[in-house]
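Heads up: the structure comes next, in structure tokens.
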Amino acid sequence: MTLGGALYVGAMGTGVGNVVKAYGTWRNLYATGMAERIAGEQLAGRAGIALRVMGAITAAVSGVAAAMDLSDAYESRSLGKYELAGLQLLSGLAGIAAAVFSILAGGSAGGAAVVGGLSITGWGVLLAVVLVALAMAIDHIRGDAFAQWLERCYWGALKAGRYSDPDQEKSDFNKVITGF
């Protein structure tokens, strides 16, 4: 999931880079007064539409990920994993903020509007970096699938959420060992 998140952030960065490149091309054409200015304006208009679409997609993804993190935080807290729950809660709140900034970036002001000394797009990039760092910290604390199985097994350290059915414990062990 961390790799998928990193790839998504990388894809978003590429998309933002393409929008910035298209905007720079349009500004260059406009500033030099070239005859192709109309084509540059059309390109900038398409780039604006692409930015709005990417903002909507990012808002949806951030919102869903935030809801999942908040749900995981509640579950981790109920299991007594307070450090993990705190990171998941922080990740959920950062995801909500990312969704809000993505919606604002897609609005009429676009990503150029300044909030707190930083553009909305800048806040989005900053939150993306924070979310990747939080995901890495959460994965580090949570551990791999085998560590999670060990926590829940007969010898595990969990006070709540341990296996109550030996068949389920064995089935999960086989899944962990085989990778499925």
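With respect to the conditions (1) within 30 Å of Lys159 (Cβ to Cβ); (2) surrounded by fewer than 18 Cβ atoms within 10 Å (Cβ to Cβ), Leu84 lacks only one, and its number is (2). Those helices (runs of 4 or more DSSP H) of region 68-180 in which 1 or more residues are under 30 Å from Arg46 (Cβ atoms) and either without any contact (Cβ under 8 Å) to a residue 60 or more places away in the chain or more than 18 Å from the chain's Cα centre (by Cα) (or both) occupy 82-105, 120-142. Criterion first (surrounded by 14 or more Cβ atoms within 10 Å (Cβ to Cβ) and within 30 Å of Glu151 (Cα to Cα)) does Ala97 satisfy it? For Ala97, the condition - surrounded by 14 or more Cβ atoms within 10 Å (Cβ to Cβ) and within 30 Å of Glu151 (Cα to Cα) - is not met. With respect to being modelled with pLDDT of 80 or more, out of contact with any helix residue (DSSP H, G or I) (no Cβ under 8 Å at 6 or more places or on another chain), surrounded by fewer than 20 Cβ atoms within 10 Å (Cβ to Cβ) and within 29 Å of Thr178 (Cα to Cα), Leu150 fits the description.
The values are calculated or read from the model by the stated rules, or taken from the named source; none is laboratory data. Because the structure is a prediction, the values reported are computed rather than measured. No Cβ is skipped: glycine too gets one built from the backbone with ideal geometry, and neighbour counts run over all protein chains shown.
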